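Report on the structure given below.
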Amino acid sequence: MRIAQVAPLIESVPPRLYGGTERIVSYLTEELVRAGHDVTLFASGDSITSAELDPCCSRALRLDPTVSDTIPHFMLMIDKVRERAEEFDVLHFHIDLFHFPLFRALAARTLTTLHGRQDLGDLKPFYSRFGDMPLVSISTCLPKPPRARASGIRARCCISGSPPVRTASGSGCPAAQAVKLATLRRVRSARRS
């Protein structure tokens, strides 16, 4: 399977300092490569990965003294991913909500892992409007029904944010779950058409 992993640009993947999201992206990316998938990581140029790295800035934005606004860098990355979207079976985003408007037409091939707070009232209208975008949580602390319906969050499943644990049967849990979820969505979408 051809998979794009889209990481935040604030820290490198894996992070040299703080960066929980970037660490999870690294675990997932490396596990997917080990499982035999063709993975491209969209991240800062100082990232280290066994996947193909498509750098979207020269180094982690937090460490670059010339960067005063990160949003233009994220917008350029999203545009780059959109230009290459047809190359991938699954586009896995770890950048919150920035990509939703540009990737809505490709929702069946996307997956967005929610790494941040999801209990903020400002998110409700956004999730309601983009309810077709598949979401995955790394926390079991997302609102439970009926609060989940009230918040507009429709997470498909929860993938642990802890480091992957290798098992005798093969790959670590987080990557296997993400690929399984994305594969099931593609099979179901194909059956409906």
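The values are calculated or read from the model by the stated rules, or taken from the named source; none is laboratory data. It should be emphasised that the depicted structure is a prediction, and the values quoted were computed from it without experimental measurement. FYI the Cβ positions are ideal-geometry reconstructions off the backbone, even for glycines, and counts take in every protein chain you see.
General observations
- Positions within the stretch 85-105 being loosely packed, with under 14 Cβ neighbours inside 10 Å and in contact with a strand residue (DSSP E or B) (Cβ under 8 Å, 6 or more places away or on another chain), in sequence order: Glu87
- Candidate set from the stretch 1-31 (those that are without any contact (Cβ under 8 Å) to a residue 60 or more places away in the chain, touching a helix residue (DSSP H, G or I) at 6+ places or on another chain (Cβ under 6 Å) and farther than 13 Å from Leu53 by Cα); member that is surrounded by the fewest Cβ atoms within 10 Å (Cβ to Cβ): Pro15
A quick yes/no check of all residues on (1) of a type outside the set (Ser, Thr, Tyr); (2) modelled with pLDDT of 55 or more; (3) on the phi > 0 side of the Ramachandran plot:
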residue: Asp96; (1), (2), (3): yes, yes, yes
residue: Pro101; (1), (2), (3): yes, yes, no
residue: Leu106; (1), (2), (3): yes, yes, no
residue: Met133; (1), (2), (3): yes, yes, no
residue: Arg166; (1), (2), (3): yes, no, no
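- Filter result (outside any loop (DSSP other than H, G, I, E, B) and within 14 Å of Val136 (Cβ to Cβ)) within the stretch 110-125: Thr110, Leu111, Thr112, Thr113, Leu114
- Pair list, Cβ under 9 Å, 6 or more apart: the stretch 52-79 residue more than 26 Å from Ile3 (Cβ to Cβ), other residue of a type outside the set (Lys, Arg) and part of a helix (DSSP H, G or I): Val67/Leu61; Val67/His73
- Residue selected from the stretch 106-138 under the condition surrounded by fewer than 12 Cβ atoms within 10 Å (Cβ to Cβ) and free of Cβ contacts under 8 Å to residues at least 12 places away in the same chain, by the criterion farthest from Arg2 (Cα to Cα): Gly121
- If you go through the stretch 80-105 and pick out every residue that is among the β-branched types (Val, Ile, Thr) and within 18 Å of Arg2 (Cβ to Cβ), you end up with 2.
- Number of residues in the stretch 55-97 that are outside any loop (DSSP other than H, G, I, E, B) and either more than 25 Å from Arg34 (Cα to Cα) or in contact with a Lys or Arg (Cβ under 7 Å, 6 or more places away or on another chain) (or both): the value is 20.
- Residues that are of a type in the set (Asp, Glu), farther than 16 Å from Arg23 by Cβ and crowded, with 16+ Cβ neighbours inside 10 Å within the stretch 35-62 comprise just one, Asp54.
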